[in-house]
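The structure under discussion appears below in the form of structure tokens.
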């Protein structure tokens, strides 16, 4: 009996001594968030055309089109609707910590937050900003005070699955689970939960475009898990990195488009 136990111990030691066979230490969740932030922060101005296809249970399909301006170094973005005609000229502006919704018919601005729905769809204002996950979330911990992180497969892609808790009230949902590619740290799937743990939304990031070694999602599906049957597909095209004049990220510019 003792001889068999000794053989087993020696076998375990031998296996662990083989290069590549040792158990790898799991990365820290905050390190993963830092890499996500770095990969998704654009280092130049960006302009693109955005198509949103919204499906609502019992209401059919609605298609909206927008021009999207973004400048990450100043935490700015501008969304201007160009279709349908009933929403043409409406817009969303972020300038630093300030978010505004502009309504063309009344020519008024309304202060909003990250949770604001874009055009009544399942997409939120925070889905178009330079989202700084390290500032918005912290690792969720289990009963042993360990970070909730694991390795798994999503489809056929190796990913880290990490659970997060919000550190600020200015988020749409206070809890989230991210599935993040292990090779390039791009999120592929995000489940968002209410404070009591109810699944509210699932986001699928279906395609990214590489822009000067950074990445921008160009196809994503946002599925409403609370009101079943509602979902929004976002498709980004005609991406340009030409410099954007400073006055574009102002209320005055957005108002001028309605004249």
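The values are calculated or read from the model by the stated rules, or taken from the named source; none is laboratory data. The shown structure was predicted, so the numbers you read here are calculated from the model rather than taken from an experiment. Cβ placement follows ideal geometry from the backbone for every residue including glycine, while neighbour counts extend to all protein chains displayed.
What to note about this one:
- Residue match in the stretch 135-147 (condition: exposed (fewer than 15 other Cβ atoms within 10 Å of the Cβ), in contact (Cβ under 8 Å) with a residue 24 or more places away in the chain and closer than 21 Å to residue 75 by Cβ): yes
- Residue within the stretch 134-147 that is in contact with a helix residue (DSSP H, G or I) (Cβ under 7 Å, 6 or more places away or on another chain) and more than 30 Å from residue 47 (Cβ to Cβ) present: yes
- Against the conditions (1) at pLDDT 95 or above; (2) in contact with a helix residue (DSSP H, G or I) (Cβ under 9 Å, 6 or more places away or on another chain); (3) closer than 30 Å to residue 259 by Cβ, residue 52 satisfies every one except (2).
- Residues that are surrounded by 16 or more Cβ atoms within 10 Å (Cβ to Cβ) and over 21 Å from the mean Cα position of the chain (by Cα), drawn from the stretch 226-252: 244, 248, 249
Results for (1) at pLDDT below 95; (2) closer than 20 Å to residue 96 by Cα; (3) outside any loop (DSSP other than H, G, I, E, B), shown as yes or no for each residue.
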| residue | (1), (2), (3) |
| --- | --- |
| 120 | yes, no, no |
| 143 | no, no, no |
| 159 | no, no, yes |
| 169 | yes, yes, no |
| 172 | yes, yes, no |
| 176 | no, no, yes |
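- Of the numbered criteria (1) farther than 20 Å from residue 117 by Cβ; (2) not in a strand (DSSP E or B), the one residue 58 fails is (1).
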